[in-house]
Amino acid sequence: MAWGLPPLAVLLLLAVIVAPLSSAVRPVSDAHRSAATELFADGSLGDLETTYEAVSTFKILGVQKDESLDGKACKLASDTLSSSSSSSAKDLFHAARISGVLGCSIDAGVYDDVASRLKAVIKDTNSLLEFYYSVGGLLSLKEQGHSVVLSDADSIFHAIKALSQSDGRWRYDTNSAESSTFAAGIALEALAGVVSLSDAEVDPSMIGVVKNDIVKLFGTIKSYDDGTFYFDEKNVDATEYKGPITTSASVVRGFTSFANVVSGKLNIPGEKILGLAKFFLGIGLPGSAKDCFNQIKSLSLLENNRVFVPLILSLPSKVLSLTSKDQLKVEVTTVFGSAAPPLRVNLVQVLGSDSKVITTDKELQFDVDNNVHYLDIAPLKIDVGKYSLVFEISLQDPEHETVYTTGGRNTETVVVTGQIKVDKAEIGIAENDAGTSESVEKLDLLKDTKISLSANHLQKLRLSFQLATPLGHTFKPHQVFLKLKHESGVEHLFVVPGSARQFKIVLDFLGLVEKFYYLSGRYDLELSVGDASMENSFLRALGHLELDLPEPSEKAPRPPAQAVDPLAKFAPQKEISHIFRVPEKRPPKEVSLAFTGLTLLPFIGFLIGLMRLGVNLKNFPSLPGPAAFASLFHAGIGAVLLLYVLFWVKLDLFTTLKYLGFLSVFLVFVGHRALSYLSSTSTKQKTA
């Protein structure tokens, strides 16, 4: 079977195989800081909301930002807070939070005015968003040291709670028909703000009801097979749909805020808290500023919350080499990479790609200096291949079990690589009928060879070799290709089948003459063997084959047109040799000069004619005015004669006509004046 794959097919397929391993869950790192700097580099001061997201993300990550950004952000917040009543509750909310993050200097009187305006909004609204912005803005003022109290906290709490639904989700207002998971998150955050701003204890029974709503809300959480949990909207209008990242971030902000202000713990399973942490870490490097803020803000809240602090198990390297005797290393940290409390990590199960289960119970050793757990994999007798490793984490201090969540068992995928043994490689030409090899050559596939074979259409090409793992087991790589490339550039790619340890291919040229387009001549042989776990994958040139095929018939398929190199047009072009016409034979120099002199004869005749006619200057005007015009007229005629000379020597026709047009107007004017004077003088003489 021939495949039309490009020469880099092996490398591309290997990349596809290893790609899933690159999306591992890892704690927040410098890569996230760099991504945040790029995402918020431009446009971070576009509006109040994005400005808050930028300064908040930078503060959480500890990014050193431009000092001018703080000044511009504070000015934007100060202008909004100091503005007239035209500013909405949303703008005041974001402006107050910017001031809280940066510690902007705002006059106390401004805060008093903002607080009164936000309280007025709370009094007159039934919108969840208005409650959220107003309560959040007041809470931000209180966190900055300003005295803010909600005297009617119970009624506000009941007004927000009235928008809740039986499944733990919330409506945006009393007119909304559909409930929203995103709205549930902002509702919980608003309720937490009400509790914080209350001057008395909020009704404990209502607190208990909200706790039960949170449990119901977590009952709607979605999950993946790898233990990742996330929230998403259900039956929400497209204009209100927020997406899993934004929705999950809203719920995280809501339940963590509520848990921080009420007594007792929320009845949320630890594995769901850990699953949310895995979801946000699994995003990797976000592609938008909004996603970046939601990711970092949510992880910072999960890092310090009163429900459960998630501990993340991660592998610094998911590729282990048997050749290098790599150790299995495991890190257990918080989402921001902080050290975990004392714990034990056990490798309890190894599951191979062939579904073979290796049950073990090996405790990993702990390296205090590097904060990593490690294990030598040689005693496990693991061969090359892809494995799922099941780890079990247990906290050493029982008191920590109410603070941290490890998720119990964690599964990670690794690839174990090694040197594959390649031996008993042979290539030869066999007769088509008898099947006996006429010539067989041994091959060393670990280095380039230069074999030379010849065959016709009645013969076969045979190639065989064996592959074995470092432990002597059968090894079947993902790609084994034999390529034959004709000297004209036409390529043919064949998959080499394998059974047990042996890989063998037989090319019957009699049945391949049409696939080879009846092209006789030299074919270069190339063998490709590649696998993600094979450290010595190779793309080996074997030599060449001189193939003699019959002449094609008229209806035989033609070779496909070869791809043209798009850069070929920029290559040096062939030199162009111009052939000029042979110059015509010219007369001698003396003859040319003689004829030039003859051209002056008419001018000489003209001068002689003037002398015979008795031309003189007796009638030339004597008065200054007419004499000037007469002189200019004769000078103009001389200029015309000079222009004719320049036309033959230098000027082109259009330039000559342009100058002649100007001279003609000049000559008409001065000639008319000169001739008018002569005419009047002649008339006076006749009358006298």
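The values are calculated or read from the model by the stated rules, or taken from the named source; none is laboratory data. Since we're looking at a predicted model, the values are computed, not measured. Please note: Cβ atoms are built from the backbone with ideal geometry, for glycine as well, and neighbour counts cover all protein chains shown. These accessible areas exclude ligands, DNA and RNA; they are computed on the full protein's heavy atoms, side chains included. Shrake-Rupley method; radii C 1.70, N 1.55, O 1.52, S 1.80 Å.
List the GluC sites (Glu not before Pro) in the stretch 224-300 that DSSP assigns to loop (not H, G, I, E or B) and whose Cβ has at most 16 other Cβ atoms within 10 Å. Which are they? Could you put the intermediate results ahead of the total?
On the way: sites: Glu233, Glu240, Glu271; in loops: Glu233, Glu240.
Hits after loop and neighbour filter: Glu240.
Under the Cβ-under-4.7 Å rule, which cysteines of the chain stay unpaired?
Within the chain, the cysteines lacking a partner Cβ under 4.7 Å are Cys292.
Just to verify a number: FRET efficiency for Asp652 and Val582, C-beta to C-beta distance, R0 = 22 Å, to 0.05?
Once the sixth-power term is evaluated, E becomes 0.20.
In the chain, what percent of the accessible surface is made up of carbon and sulfur (1.4 Å probe, ligands and nucleic acids excluded)?
Here carbon and sulfur together make up 56 percent of the probe-accessible area.
Over every pair of different alpha-carbon atoms in the stretch 151-308, take the mean of 1/r and invert it; report that Kirkwood radius in Å. Numbers along the way, then the final one.
Details: mean 1/r = 0.0630 Å⁻¹.
When all Cα pairs of the stretch 151-308 are included, the Kirkwood radius is 15.9 Å.
Hey, with R₀ at 45 Å, roughly what FRET efficiency would Lys234 and Asp367 work out to, going by the Cβ-Cβ distance, to 0.05? Could you put the intermediate results ahead of the total?
Working: r = 46 Å, r/R0 = 1.02.
Approximately 0.45, to the nearest 0.05.
Any chance you could give the angle, 0 to 90 degrees and rounded to 10, that helix 244-261 forms with the longest Cα principal axis of the chain?
50
How many Å² of accessible area per residue for the stretch 40-148, probe 1.4 Å?
45
Can you put Glu554, Glu401, Glu535 in order of accessible area, largest first, using a 1.4 Å probe?
Ranked list, largest accessible area first: Glu554, Glu401, Glu535.
Between Asp423 and Ala120, what is the label-point separation in nm under the 7 Å Cα-to-beta-carbon projection?
9.1
In Å², what does the accessible area per residue of the stretch 542-688 work out to with a 1.4 Å probe?
88
Rounded, prolate or oblate: pick one for the stretch 172-244, where a ≥ b ≥ c are the square roots of the eigenvalues of its C-alpha gyration tensor, a/c under 1.5 means rounded, and failing that, prolate if a/b is larger than b/c, else oblate.
oblate
What distance in nm separates the simple spin-label points at Ala162 and Ala500, each placed 7 Å from Cα in the Cβ direction?
In this crude spin-label approximation the distance works out to 8.2 nm.
Just add up the charged neighbours of Pro557: K/R +1, D/E -1, any other residue whose Cβ is under 15 Å from the Cβ of Pro557.
0
Near Val348, within a Cβ-to-Cβ distance under 15 Å, what is the net charge of the other residues, with Lys and Arg +1 and Asp and Glu -1?
With Lys, Arg at +1 and Asp, Glu at -1, the net is -1.
With +1 on each Lys and Arg Cβ and -1 on each Asp and Glu Cβ, and nothing else charged, work out how big the dipole of the stretch 421-553 is about its Cα centre, in Debye to the nearest 20.
540
Evaluate the distance, in nm, between pseudo-label points positioned 7 Å from the Cα of Leu613 and of Met206 along their respective Cα→Cβ axes.
12.6
Suppose the chain between Asp565 and Ser324 were pulled fully straight at 0.36 nm per residue; how much longer would it get relative to their current alpha carbon spacing?
82.6 nm
Let me know the number of lysine pairs in the stretch 354-453 closer than 18 Å at the Cα, not counting same-chain pairs under 8 apart.
Lysine pairs meeting both conditions in the stretch 354-453 amount to 10.
If I stretch the segment between Asp152 and Asp199 completely, what's the gain in nm (0.36 nm per residue apart, minus their alpha carbon distance), one decimal?
Details: separation 47, 0.36 × 47 = 16.92 nm, distance 0.87 nm.
Difference between extended and current length: 16.0 nm.
Only helical DSSP H runs with n ≥ 4 go in: add -39500 (n - 2.57) per run for the chain, normalise by residue count and round the 222 nm mean residue ellipticity to 500 deg cm²/dmol.
Here the helix-only value at 222 nm equals -13000 deg cm²/dmol.
Helix 128-143 versus the longest principal axis of the chain: what is the Cα-based angle in degrees, 0 to 90, to the nearest 10?
Helix 128-143 sits at roughly 80 degrees to that axis.
Hey, if you put +1 on the Cβ of every Lys and Arg and -1 on every Asp and Glu Cβ in the chain, which of Leu364, Phe620, Thr80 ends up farthest toward the positive end of that dipole?
Phe620
Could you tally the net charge around Asp326, taking each other residue with its Cβ under 13 Å from the Cβ of Asp326, Lys/Arg +1 and Asp/Glu -1?
+1
Cα axis of helix 30-39 to longest principal axis of the chain: angle in degrees, 0 to 90, nearest 10?
For 30-39 against the chain, the angle is about 50 degrees.
Shape call for the stretch 40-148 from the C-alpha gyration tensor, a ≥ b ≥ c root eigenvalues: rounded (a/c under 1.5), prolate (a/b greater than b/c) or oblate? Each step should come with its number before you reach the end.
Working: a/c = 1.92, a/b = 1.68, b/c = 1.15.
It comes out prolate by the Cα gyration axes.
Between exposed chymotrypsin sites (Phe, Trp or Tyr not before Pro) in the chain, where DSSP calls loop and at most 12 other Cβ atoms lie within 10 Å, what's the longest gap?
By the stated rule (loop sites, at most 12 other Cβ atoms within 10 Å), 225-579.
Strictly over 26 Å apart at the Cα level, which of Lys161/Lys265; Lys485/Lys574; Lys216/Lys318; Lys90/Lys142; Lys142/Lys234 would you flag in this model? Before the final figure, lay out the partial values.
On the way: Lys161/Lys265 20 Å; Lys485/Lys574 28 Å; Lys216/Lys318 37 Å; Lys90/Lys142 17 Å; Lys142/Lys234 35 Å.
In this structure, Lys485/Lys574; Lys216/Lys318; Lys142/Lys234 exceed 26 Å between Cα atoms.
Provide Rg and Dmax in Å for the stretch 421-553, with only Cα atoms included in the calculation.
15.1, 54
Let me check the size of the chain from its C-alpha atoms; what are the radius of gyration and Dmax in Å?
Cα-based Rg and Dmax for the chain come out at 46.7, 149 Å.
Starting from 0 in steps of 5 Å, tell me what percent of the Cα-Cα pairs of the stretch 312-416 lands in each bin.
2, 11, 24, 25, 18, 10, 6, 2, 0
For the charge dipole of the chain, defined by +1 on Lys and Arg C-beta atoms and -1 on Asp and Glu C-beta atoms about the Cα centroid, which residue among Ser537, Ser679, Leu646 has the Cα displaced farthest towards the positive pole?
Ser679
State the Cα centre-to-centre distance between the stretch 111-175 and the stretch 471-539 in whole Å.
Taking the Cα centre of the stretch 471-539 as reference, the centre of the stretch 111-175 is 71 Å away.
Note down the magnitude of the dipole of the stretch 40-148 about its Cα centre, charges +1 on Lys and Arg C-beta and -1 on Asp and Glu C-beta and zero elsewhere, to the nearest 20 debye.
Using Cβ point charges on Lys, Arg, Asp and Glu, the stretch 40-148 gives about 260 debye.
Quick one: accessible area per residue over the stretch 432-510, 1.4 Å probe, rounded to a whole number of Å²?
Per residue, the stretch 432-510 has 50 Å² of solvent-accessible surface.
Along the Cα-to-C-beta direction of Ala556, a point sits 7 Å from the Cα; which residues of the stretch 499-535 have their amide N less than 20 Å from that point?
Residues 507-524 qualify, since their backbone N sits under 20 Å from the label point.
Mind giving me the FRET efficiency for Asn456 and Thr359? R0 is 51 Å, r the Cβ-Cβ distance, nearest 0.05 is fine.
According to the calculation, E is roughly 0.30.
Give me the dipole magnitude in Debye, nearest 20, for the chain about the Cα centre, with unit charges on the beta carbon: positive for Lys and Arg, negative for Asp and Glu. Intermediate results must be reported in sequence, preceding the final value.
Values: 66 positive and 75 negative charges, 848 e Å.
So the magnitude is around 4080 debye.
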